[in-house]
Every structure is written in structure tokens, then in C-alpha cells.
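Beneath this line is the structure, given in C-alpha cells, with notes to follow.
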Amino acid sequence: MRYYAPEFMVYRDEERCIACGACARQCSNKVHIIDEEKGKLRAEEENCVNCQRCVALCPTNALHIRHNPNELRLNYNWTQKAVKEVEKQALSGGVLLSAMGNPANHPSYFDRILLNASQVTNPSIDPLREPMETRVYLGRKPSKLEFNADGTLKEKLPPQVELDIPIMISAMSFGSISLNAQKSLARAAEECNTLFNTGEGGMHRDLIGYKNRAVIQVASGRFGVNKEYLNNGRIIEIKIGQGAKPGIGGHVPGEKVNEDVSQARTIPKGTDAISPAPHHDIYSIEDLRQLIYSLKEATDYKKPVSVKIAAVHNVAAIASGCVRAGADILVIDGYKGGTGAAPTRLLENVGIPIELALASVDQRLRDESIRHQVSIVCTGSIHNSADVVKAIALGADAVYIASAVLIAMGCHMCRTCHTGLCNWGIATQREDLTRRLNPDIYAERVANLLKAWNHEIQEMLGGMGINAIESLKGNRLMLRGIGLSETELRILGIKHAGE
Amino acid sequence: MKKVYAVQNLCLNCKLCEVYCKTAHSQTKNIVKAYKEEVPEPSARIVVEGDNQASLALQCRHCESPACVEACITGAMQKNPKTGLVSTDETRCVACMTCLAACPYGIIRVNERAAMKCDLCQGEEAPACVQNCPNRALVCVDIYEEAER
């Protein structure tokens, strides 16, 4: 027997409710029930996850969902959350699971960093009237350029990937999200001339048309990896770790592995898709180098190889090793990054903030004079365009976003992706639910988001008197900290506001 | 002519098209009043058939040679030769239900006064069902024009 009260309460305004039943037909958690006898609706609140699907579709705004006002005796040590988690485990005997990023009330360094603007001594720029460059090139850069007499380059440049905006869509595999969701992301990436990431679930045949806009991921499960797959993208990304759950692998339950997922992942239908915690062929930097060069060999050295690591305590040293192993792009994922499912304890307790990791990696690579050998992409809870600007000023070349694009596709952060019952058709493979995500609509919404952020980035750059995003990269003089300690400022490499 | 078409693999079975159709054909144009207060109660001219596994919105096809027009005993049901719209003149309709029986799609409703069917929301930018479908599962297009494009 369950000892805890339902987390949410469903309030229905009977004056407004027309009993159309849309809420009941839309709820995969079976919260709303049509009472034919009374011609009314009622709610089974213990099933509610607060995904807001019913609220969004209710034509008369008759619904709202609230946290259950029921309270335990006030205790700042044993909070309601702590008590409920113990009760849940006493009932199930299992590991607690969560999804999306870390919900804990930890400080955001981005929010404690302020941007500069031009006044008097240097002119600001109006991006609506003057050119403003947000194009970035990802890939290893040569340490010097030598030219022939006719002005052509003596040596061939390493492969570069051009993006019109410094924002890419982060890895979300087919299996963890639906094909319609991936299609929406791929189309949005094409529209904005940026990249989406296949995640580690292989590539569905319907996405091959978007191969020029794909980052192909190779993770510890090696799902769907073959020569053709590797050549179906612009960048190959070796996923070592994920910010939401550094140090562990992944597990897509067999129920989610339907015909399509099984084909994309090249595993039997209905079997669990298990990604081991480590890559079993990578136990050292030398091993990583072998994999990087195997992948480069398989793609004729035409594609940059990226290595994605979670931000952990020794991230700067690890990053340096990855660059020396031959990574052309380094992705750092902060501890607030999202996931489709992770053990709650890991999600809430492992890793370090992306801002600190990014600053220390950039500084370390500069100190070792190898910063030009790699492009840095940072990710893990980028909330808005100001975060993008701050990340670039701290040393990133570009950022990856995922939670924000999911929100653009309807996600309301109910954090129950792992149940496979996503009412918005994102984190599910159930056909009646994935149908709810029309790629025509959601590609538009995601592209709108990317374009809006890019406009804002241009405005902020203009305010600082900068006309190209490349001039902002690592330009930490444009940043000031507010309410940060000496240690935090030192690691971030920025001055305090007023200095 | 432009007609409403349903895209079956996008239909959510939410039936909001019915709600907005009913409201668009009410006196007050207010959802709550249309459902709870208006007498006679207005009715939707679009019907979603099926369940969450497979559903489809049905509405008048505005046929080339409409069985309802042929069957109409008073001449109330007419096809506009210019626009192609099939509509009923409520002042002439006697609610005999012959059109209802004749319609091969079963999408004509008859109340105590007159037959009711999709009028493609004349005067509006697009039919209410199309405007309010949350998944763009309903489109209002001329398929012959679309094919030429």
C-alpha cells in the first residue's frame, strides 16, 4: 500500500467544463475519466504527472493542476521530498529514477555573470542596420597558415563544419525520443543551417535525407554503428559521458525497442538496449586515440571527430588528454544536463557546473597552447540566448541545447520521460502518442526558437560593440561576476562587477 | 474547390474540431454558452470517428453530384454552381431527413427544424475546425491546385 498522498491535484471548474472529454482521451496516464452516467469528468489524481497536456488542450481553460497542498509536520531536516523518496523505495525496493536535468536549487553561475556594453568610448552596433556575424566553424585549426605564391594554402585545412548560428541541437537518440521528434529537430537544423545529433541510437532511414545536418554519435553500446552510418553525418561524436549521469551507461527497456528502433540500433526487437558504463575498448587516452583514428580512417579524414565528456572534477586534465588523443571537437556536458532516464541519486549529485568546467578547460588548453587544436562545445542547461553569449565569452565555440528544444516541442518538464507515456509524443514510442507530434508544426517551433535566440545574440553582441561572434570567443573581459567568491571568480577567470 | 481534408495519421482523437465547429455554428460563438445554455443546442457538423488508435474527422465532401441535393424533396439542399458549395436553405428545409438517408458519408445531421451540414465556415478565413486543430490534422485545400503545384 502506498503511504504518500498524490503529488498533484487536478482542479476542474465545473462552470467551464463542457465535458467534451478531450482531457480523458489525451491522457496516457489515465487521470481523467468520463463518467457517462453523470455526463461529467472525474480525476484519478494519483496517476497525474503534471505534464499539462490536458490543461493545454482544454478548450475552455477549465483545468488547472496544483501541487497537493497536503503537508507533513514541518521539518527542515526531513523534508517532504526526502520522506517520500524513502517511502517509495520501501515500497518498490528499487533504484529511484528521474529524467531531464537536476532539479535541485543549486546556484546558476550564468545567472551570476553580467555582460558588458559599449558607452561613449567605443560605439555599439545596431545589428538591424549593420552586418553582424554569428557564423562559426567547428574543427581543428592549424597552428599557422602557409601560402603558395598564388595565394592558395600550402597544406589542406583539417575538416571544418560551418554553422550559421552558434547553437546546435544536442544528442537525443531514436528510442529515447520518437522519430517524429527527431524529424522535427532535423528539419529545424536544416532550416537554421546548424546540426542536430542522432544520439547513440543509430539513424532511422527516414533521416538519411538530413545527413548533412547530423552529428553521428558513437557511444558505448555502439548501436547501429557501421561504415555507412559513420558517413551519414557531418561530425562523428564519441560519447564518453553525459552530464546527467556521469560514469554510467544507459538502458532502453525492451518494451521501447519496436521494429523501427530495433532496425536503427541493429539489435533484436524487444531486447533491452544496454549501453555499458565505459567503452570496453577505451581504458586510457591511448585507447581513445585508437578509436578516434579508426573513425577518421573509416571516413577518409573528411569529418571532424568530437569527444563528449561529462563535467567532472578533473575535467581540465581529461580534456587536455582528449585533445592530444586527436579530438577535433570537445563537448563538455554540465551536471544540470538532461536525460531520458537516470538514477535520481546520480542525477542530483554527480558532476560539476558547466560554467566552471568550461572556464577551467579553456584556460588549461590555452596554457598548454593547444586551444586552437580543438573547438569547444558546451552544454547542460543552457536556458536562453544570454547563457549562450556567456558560454562563448567563457571560451566555448558553440553550445548544444536539448531541454530548450524539447520545451519548444511541448515538453512541460514533468520529468517522467522514463515511463514511456509522454503525452506530448516526445519521449515515447507508442504510436497513438507519437502521432501527436506533427513534424510540420514542431520543426517550425524549434526553428523559431533558434532564430529568436540568434537575434538576441546579435543584439547583445552589438551592445558590446562586437560585430562577429568569433571576437567574443574567450573574451572574458566582457564578463563580470556578481555575488561570487574569490575562488569562483578565479576559476571563471572573470573580475567582480565594479572592478 | 477548397474542401476540408483530414490527415488520418495526424488525428489525435481529441475532438476539438467538434467543439469549435459547434461553437462556430452557435448564436453566441462562446464555447461554454454553446454547450450549456443555448436552446436549441447547436450541433457540430464535423464528427470524429474511431478511437485513440485510429481516428478520422468526417465532414461534408461537397460532392460533384451530391446525393443529398438529388434526394431533397423541397429543393432546400443546393450545390452552388460557381463555388461548388453544397448548402441547405433553412427556410425551405422541412427536416424530412431524406438527405440524411441519402448521404453516402453519413455526415448530415437533422434537428427538429432543419438539416445541418458543413458550410466551410463561410466568411471566415478558414473553417473553425481547421483553424483550431492542434496537430494540423485538418487542412482546407483545393487538391487539384495542390497537385498542379
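The values are calculated or read from the model by the stated rules, or taken from the named source; none is laboratory data. What you are looking at is a predicted structure, and each value in this text was computed from that prediction instead of being measured. Cβ coordinates were reconstructed from backbone atoms using ideal geometry, including for glycine residues, and neighbour counts include every protein chain displayed.
Quick one: would you say B:D142 is away from chain A (no Cβ under 14 Å), touching a His at 6+ places or on another chain (Cβ under 9 Å), under 16 Å from B:V4 (Cβ atoms) and modelled with pLDDT under 95? Spell out how you get there, then give the answer.
Numbers: away from chain A (no Cβ under 14 Å): yes; touching a His at 6+ places or on another chain (Cβ under 9 Å): no; under 16 Å from B:V4 (Cβ atoms): yes; modelled with pLDDT under 95: yes.
Considered against the rule, which asks whether it is away from chain A (no Cβ under 14 Å), touching a His at 6+ places or on another chain (Cβ under 9 Å), under 16 Å from B:V4 (Cβ atoms) and modelled with pLDDT under 95, B:D142 comes out as no.
Would you mind finding the one in A:H418, A:H412 that is in contact with a Cys (Cβ under 8 Å, 6 or more places away or on another chain) and surrounded by fewer than 22 Cβ atoms within 10 Å (Cβ to Cβ)? Outline the logic, then answer.
Working: A:H418 fails: in contact with a Cys (Cβ under 8 Å, 6 or more places away or on another chain).
Every option except A:H412 fails the conditions.
Which residues, counting only those in the range A:457-492, are over 25 Å from the mean Cα position of the chain (by Cα) and in a loop (DSSP other than H, G, I, E, B)?
A:M464, A:G465, A:I466, A:N467, A:I482, A:G483, A:L484, A:S485
I'm told A:Y210 meets every condition in (1) out of contact with any strand residue (DSSP E or B) (no Cβ under 7 Å at 6 or more places or on another chain); (2) not in a helix (DSSP H, G or I) except one. Can you identify the failing condition by its number?
It fails just one condition, (2).
Only residues that are in a helix (DSSP H, G or I), at pLDDT below 95 and surrounded by 24 or more Cβ atoms within 10 Å (Cβ to Cβ): list them for the range A:311-356, please.
Hit for the range A:311-356 is A:L347, nothing else.
One line per residue, one yes/no per condition, for (1) touching a helix residue (DSSP H, G or I) at 6+ places or on another chain (Cβ under 7 Å); (2) within 14 Å of chain A (Cβ to nearest Cβ); (3) more than 28 Å from A:T434 (Cα to Cα):
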residue: B:N80; (1), (2), (3): no, no, yes
residue: B:A102; (1), (2), (3): yes, no, yes
residue: B:G106; (1), (2), (3): no, no, yes
residue: B:R109; (1), (2), (3): no, no, yes
residue: B:A114; (1), (2), (3): no, no, yes
residue: B:N132; (1), (2), (3): yes, yes, no
residue: B:R136; (1), (2), (3): yes, yes, no
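Considering only residues that are loosely packed, with under 15 Cβ neighbours inside 10 Å and aliphatic (A, V, I, L, M), which ones fall in the range A:152-180?
Across the range A:152-180, the qualifying residues are A:L153, A:L157.
Those residues that are under 27 Å from A:Q458 (Cβ atoms), within 15 Å of the chain's Cα centre (by Cα) and hydrophobic (A, V, I, L, M, F, W, C), I need them from the range A:173-208; list them, please.
A:L185, A:A186, A:A189, A:L195, A:F196
Yes/no matrix, rows are residues, columns are (1) at pLDDT 95 or above; (2) away from every other protein chain (no Cβ under 14 Å):
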{"residue": "B:Q8", "(1), (2)": "no, no"}
{"residue": "B:K29", "(1), (2)": "yes, no"}
{"residue": "B:A34", "(1), (2)": "yes, no"}
{"residue": "B:V39", "(1), (2)": "no, yes"}
{"residue": "B:C68", "(1), (2)": "yes, yes"}
{"residue": "B:M77", "(1), (2)": "yes, yes"}
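Filter the range A:32-72 for residues that are away from every other protein chain (no Cβ under 14 Å), aliphatic (A, V, I, L, M) and not in a loop (DSSP other than H, G, I, E, B); which is nearest to A:R435 (Cα to Cα)? Don't jump to the end; show me each part of the working.
The first filter runs over the range A:32-72 and keeps only residues away from every other protein chain (no Cβ under 14 Å), leaving A:33, A:35-38, A:42-51, A:64-72.
Those left that are additionally aliphatic (A, V, I, L, M): A:33, A:43, A:49, A:65, A:72.
Checking which are not in a loop (DSSP other than H, G, I, E, B) leaves us with A:33, A:43, A:65.
Numbers: A:I33: 22, A:A43: 25, A:I65: 25 Å.
Selected residue: A:I33.
Would you check which residues across the range A:4-31 are within 12 Å of chain B (Cβ to nearest Cβ) and under 30 Å from A:A82 (Cα atoms) and list them?
The first filter runs over the range A:4-31 and keeps only residues within 12 Å of chain B (Cβ to nearest Cβ), leaving A:13-28, A:30.
The answer is A:C27, A:S28, A:K30.
Test of understanding: among A:L138, A:L128, which residue is crowded, with 21+ Cβ neighbours inside 10 Å and either more than 30 Å from A:V307 (Cβ to Cβ) or modelled with pLDDT of 95 or more (or both)?
Values: A:L128 fails: crowded, with 21+ Cβ neighbours inside 10 Å.
Unique residue meeting the criteria: A:L138.
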